[in-house]
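Colleague: So that we are looking at the same thing, I have put the structure below in structure tokens.
Each reported figure results from applying straightforward, stated rules to the coordinates on display, with no laboratory input. As the structure is a prediction and not an experimental result, all values here were calculated from the model. With ideal geometry, Cβ positions are generated from the backbone for all residues, glycine too; neighbour counts draw on all protein chains shown.
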Amino acid sequence: MVIPAYNEQATIHEILDRVLASPFTAEVVVVDDASTDSTAEIVRSIRDKRVRLLEQPTNQGKGAALRRGFAEATQPYVIVQDADLEYDPADYPRMMEPLLQGTADVVFGSRFSGGDSRRVVYYWHSVGNHLLTTLSNIFTNINLTDMETCYKAFRREVLTSFVLEENRFGIEPEITAKVAQGGWRIYEVGIGYDGRTYAEGKKIGWRDGVRAIYCIVLYSKWGSTLQVRKAEPLVDWVTKKRA
């Protein structure tokens, strides 16, 4: 498991308890993204040899934390687990089944294709997720229902087959594009979802949505042809226009 964490002192202990209770957990790599609360101290207090804590020197974003965690993972399979309680490790058997059966190389856990109960939160977030997933499907020619999901499980050789670049939430469309271009076998399974509100610590914002659109195009096979400029990301351009 790879767990990126930033200021998650309220939930990190409970999620680690749940992760460690799973029979699928052989290794937990927690990447603390320079938290300003006691997240790192709580992780250090857990006496389980399967848990490793990596600390980023500065806050760099979820993507940077995942990139470091992927590089440090040693097990044959890697699952991404957020440090909050939105995603439940009880869904690991569903995530792992296609991998263990040898039918999949990557498994996406979809919040929108069945599974267990799902907390109802923000309507416009749901609209945004469907829009980004549709746009990603157009550029990758794969048929996902939830590209932006946190829950992704990989054979480790998939993660070593490409280089990831995104530092923040653009990592999700980047991973999707590079997995699709690599011709890896992708499965999707339904999962439960207990979404949290901004008051409860949700961090993603509209700028991340704009960046996701940019990344969908940038990392597609047409990105270089369209000459998408990395020097001035679209999100920065939009921010300038709004100023």
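Colleague: Work out the charge dipole of the range 2-202 with +1 on the Cβ of Lys and Arg and -1 on the Cβ of Asp and Glu about the Cα centre, then indicate which of 81, 144, 57 is farthest towards its positive end.
Modeller: Result: 144, furthest along the dipole toward the positive end.
Colleague: Placing unit charges on C-beta atoms (Lys and Arg positive, Asp and Glu negative, everything else neutral), compute the dipole magnitude of the range 2-202 about its Cα centre in debye, rounded to 20.
Modeller: 340 debye
Colleague: Compute the label zone of residue 21 within the range 72-103: residues whose backbone N is under 15 Å from the point 7 Å along Cα-to-Cβ.
Modeller: It comes to 85-93, nothing else.
Colleague: What does the convex hull of the Cα atoms of the range 2-202 come to per residue, in Å³, rounded to a whole number?
Modeller: Value for the range 2-202: 112 Å³ per residue.
Colleague: Can you check how the C-alpha radius of gyration of the range 43-111 compares to 2.2 N^0.38 Å, as a plain ratio?
Modeller: So the Cα radius of gyration is 1.27 times the expected 2.2 N^0.38 Å.
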